[in-house]
Amino acid sequence: MQKKWADRALLVVFILLAALLYRSAADYPGIAQTTSAKYVRFLAVFIGVLCLAQLGFGLMREHGREVLVLSESPRRFFGLLVGLVLFAIAFEPLGFYLSAALFIPAIGWMLGYRRPLVLALTTAGVLGFVYVVFVQLLSVRLPGIEIF
Amino acid sequence: MEYLAIVFSPAALLTIFIGTFAGVAIGGMPGLTATMAVGLLVPFTYTMDPTMGLMLLGGIYAGAMYGGSIPAILLNTPGTPAAVATAIEGYPMSRAGRAPLALKTSVTASFVGGTFSVLILLLFAPFLARQALAFGPAETFLLALMGLAGIISIADENSSLIKALIAGVLGMIIALVGTDDMSGSLRYTMGMVDLIDGIDFMPALIGLFSMIQMLELAGQRGHEIDTSALHKAQKREKLPKGIGRFMGLGAGTGTLIGILPGEGATIAAFISYNVAKRISKTRELFGKGNPEGIAAAEAGNNGCVGGSLVPTITLGIPGNSVAAALMGAFIIQGMIPGPDLFTEYADRTYPFILSLFVANGVFLAIGLFFAPYLARIALVPPAIMVPVVAAFAVLGSYALNNSVFDIYLMIAFALGGLVLKKLGYSLEALILGLILGPIAEGGFAQGMVIGRGSPWIFFESNIAKVMWLIILALLIPPLYSYWKHVHRAGKAAG
Amino acid sequence: MFKASVFAGVALALGLSAAPALAGDYPNQAITIIVPSKAGGSTDRTARLFTDLAEKNYEGFEFVIQNIPGSGGQKGFEAIARAEADGYTIGLNFTPQLVAHIVSGRAQYTLDSFHVMGNVAQDPGIVVVPADSPIKTMADLAAASGLTVAVNGIGSDDFLAAKQFEEAAGVTFNLLPTKGSTEQKAAILGGHVDAAFMNLSQMIKQHKAGDARIIAMLTDARDEHLPDMPTALEQGYDVQMRATRGFVAPAGIPDEIQSQLDSMLAEIMASDAFKANAAKGNIFLLPMSGPDYLAYLTDLQAQTQAVYDQAPW
């Protein structure tokens, strides 16, 4: 997608959101009508006007054909993203240590690092550090460490 | 004198050193905050000698405020929101191989700001706390506006002012999610219990800066960062001349704002940065790596350390969330903030305040000593750096509220923020709006209640009038130069 | 360490419960205490006061405190209600938030979701005015019209007390909800509001130092910490409010285990060491047995319901 079109689509979405936000302020109960609702309406009008102005300027001035590229290497980019989501999903059932022990070397490998020893040492270092700082020093409970 | 003897006993010095060192490390990790560390260690100090316990926590506070600037400069991943302004100047310096100078500037400025504020705390605390009480909700609203004026300074003449404003307001709108404090009703929470308290700014900060930086590193073709500059420019650069002015500016602003209610450090850093940019002779270098910006911002946020303790220990009104956690440590030892602290418990309070000087000295030594080594962090291969920082980002997001929801929130901010960034919207403005939005709203809504629905209250007091003048002074020059720029560009195009 | 965490992870992943609850060998692992607020806060300190002595005096008992802050305690209360009733998870509650969430329809628990173990601490409600205020008694407060009064958020104990007073005195306040008691304190000390409904521990020092003036205790009888201060009841207004902090467990824990925990709590609360530590930590005690506290909570829920029906939030 071209950058200018992505920007325009985003601005239109923001304008719609601003309109919804403005309308929602009418439903604020009691005291909020004279306080919070005014603040919310102001924000809605302000962002709406700004977006319209930006949309207008954009239509007049932007003639570039630059394409929106989130990343030069989509494989690595989305690899990391998927890795993160899997990490989050595994966080509670597997616990931090096990999921991090899988996540760090897997991402390192995916990014093209090929020295298993360094990867293993880094992972161990991170886990050890977290154990010392979180569990020993701050006594934070992380999921999946009841065994300690 | 006897208080000095307490501070300089070997056990006390060791405690302060450990606290400060831990603080620097905590502030430097994305996701670990001083609030969290102090809060978690308060029960631990229950069993310690009271004075030692307070010194430990004080060291963490002072160290963490400085520590936030290290990753901001080296990796563009500010460890605390107060270090966002530092990242704007520090990271470009790192990229240009000037990381050692940036680190040196930041640690020196932090030391100056921190020491100055503690001096004020020591000498004038009771007097200043009384004055700060005149500062009501209406003035708090204006203070938030002053901070938000920083959005204008983020957008310099070359990037779109409108887009920066849109990002800032978007941040304020995101901050609306949660409980409406005025009515207690829930708004835009979509029935999720996790959203009742609103969106925490830490997952947003981690997502928008640390995680985006990692996603961009991961997605780079070829992974070859130009490190030649780093290798050759390890020569020692001296601090630029005239930078003391900016440190002084930050120290004063930070101490003053720290005393006032609200999350002062972020506001102080941005206001100092903003003013520094206005008065600088090398304004065109701002945004491209100007040590003056780092000096002002870092002296500003560290100035809040002493400042925030002024109302905390004299009146029991903590200036920010770290001070609030610290107040818990005082109470746990039976030291209820108030005049008693300076009479009955003077043998604990004064050593605690004096220990903060030592803490500032300790992080100065740590910072200066480690700066050349820290600068090499930028040389770690991205394939190692990315997974490690990402793991800490996930852990940090979780540990804040023990909530997996915050991890997803962090990822969502990273992805959404990346799209916005690529389209030219300023993420610094977004996070500023997200942090200051609730302060602005609270001040506005409470002001309206106290003023019984009349907005006149925002102009009534003398403090308010002065604040309006400052806000106008911060807004008009950049708006004028922006208008001129657009006008010229319009003519050239036409 | 790595091996151990793998084992823990696998065990959890397979859904194996490491220890079936058998009364005979109870406890054979650490007991988790859920604290529905931040570490270092007053509820957290109440919990640690208990665990300190319990671990010292009862062999085999080990406690882990888990802080689940947020949404006025609701997240934490729900975690306690949801926890497995095997005696290895108990928690703290605080009022009136525990019942206020039920009344406002937000909670997924009811009082029946808990076994109420007993109350530990309290913080009496107070009415406080700025030091130079012309208001000196509750009658003055009722006589003045349109006062701006700060309460700590909607649905809090302060809010409920202010509503009770409005009802009793037939006045309407210009209510200012704040985020936390710190903002209330600043508003009173700075003279930005006319009065505030707060808790004693938050203002006792300021009152004694002459920076603010407490004009009434909202308790049934005078409080030992401020014996000269008349109650609102004495001044002719039936307004009573206090924050309480006690222990609850998920309902359905086997009787032998539950009674063991209940009597342990009662014994510790009766000990002198506990009282001394509480006094040092600025925690006001109000020991209540499980059944008494349950009756108190049920009562409080009915009262809160009445206020909610008048003016929902």
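Miscellaneous remarks
- Based on DSSP H segments of at least four residues, each scored -39500 (n - 2.57), chain B has a per-residue ellipticity at 222 nm of -23500 deg cm²/dmol.
- Global geometry of chain A, whether rounded, prolate or oblate, following the gyration tensor of its Cα atoms and the 1.5 cut on a/c: oblate
- Ranking of B:Ile174, C:Ile34, B:Ile199 by neighbouring Cβ atoms within 10 Å, starting from the fewest: B:Ile174, B:Ile199, C:Ile34.
- Helix A:116-130 axis, angle to chain A major axis (alpha carbon atoms, nearest 10°): 70
- Amide H contacts of C:Val248 (H built 1.01 Å from N, in plane; Pro and chain starts excluded): C:Gly91, C:Leu92, C:Asn93, C:Met117 sit under 5 Å, all sequence-distant by 5 or more or on other chains.
- Order of C:Lys136, B:Lys241, C:Lys275 - criterion: other Cβ atoms within 10 Å of each residue's Cβ, fewest first: B:Lys241, C:Lys136, C:Lys275
- Across the protein assembly as shown, the fraction of Cα-Cα pairs farther apart than 54 Å, rounded to a whole number, is 12%.
- Nearest-20 debye value, the protein assembly as shown charge dipole, Cβ charges on Lys, Arg, Asp, Glu: 5040
- Chain B: relative contact order in percent, alpha carbon pairs under 8 Å with at least 6 residues between: 29
- Relative exposure of B:Ile471, B:Ile317, judged by other C-beta atoms within 10 Å (fewest first): B:Ile471, B:Ile317
- Using C-alpha pairs under 8 Å with a sequence gap of at least 6, the mean separation divided by the residue count of chain C gives a relative contact order of 25 percent.
- Within straight-line cross-link reach of B:Lys422, lysines at Cα separation under 27 Å, skipping those fewer than 8 residues along the same chain: A:Lys3, A:Lys4, B:Lys163, B:Lys277, B:Lys288, B:Lys484
- Selection from B:Phe246, C:Ala39, A:Thr35 lying farthest towards where the dipole of the protein assembly as shown points positive, charges on Cβ: B:Phe246
- Degrees, to the nearest 10: C:200-209 long Cα axis against longest axis of chain C: 50
- Per-peptide average of other Cβ atoms within 10 Å, ordering B:67-77, B:144-154 highest first: B:67-77, B:144-154
- Region B:2-493: C-alpha gyration tensor shape, a/c 1.5 cut-off, then a/b vs b/c: rounded
- As a rough guide to protection, the peptides C:237-244, C:26-33 ranked by mean Cβ packing within 10 Å, highest first, stand as C:237-244, C:26-33.
- Taking the centroid of alpha carbons for each part, region B:95-160 and region C:59-77 are 36 Å apart.
- In order along region C:213-227, the Karplus-derived 3J(HN,Hα) couplings, from 6.51 cos²θ - 1.76 cosθ + 1.60 at θ = phi - 60°, round to 10, 7, 10, 6, 8, 9, 10, 6, 9, 4, 9, 5, 7, 9, x Hz, and Gly and Pro are given as x.
- Over chain A: helical MRE at 222 nm, DSSP H runs n ≥ 4 each giving -39500 (n - 2.57), nearest 500: -23000 deg cm²/dmol
- Residue mean of other protein chain beta carbons inside 10 Å, C:71-78: 3
- Net charge of Cβ neighbours under 15 Å - reference C:Phe173; Lys, Arg +1; Asp, Glu -1: -3
- A Cα-only calculation for region C:124-217 places Rg and Dmax at 11.6, 33 Å.
Bear in mind that the values in this text are calculations on the coordinates, not laboratory data. Every value quoted in this text rests on a predicted model; they were computed, and no experiment measured them. Virtual Cβ from ideal backbone geometry, glycine too; neighbours counted across all protein chains shown.
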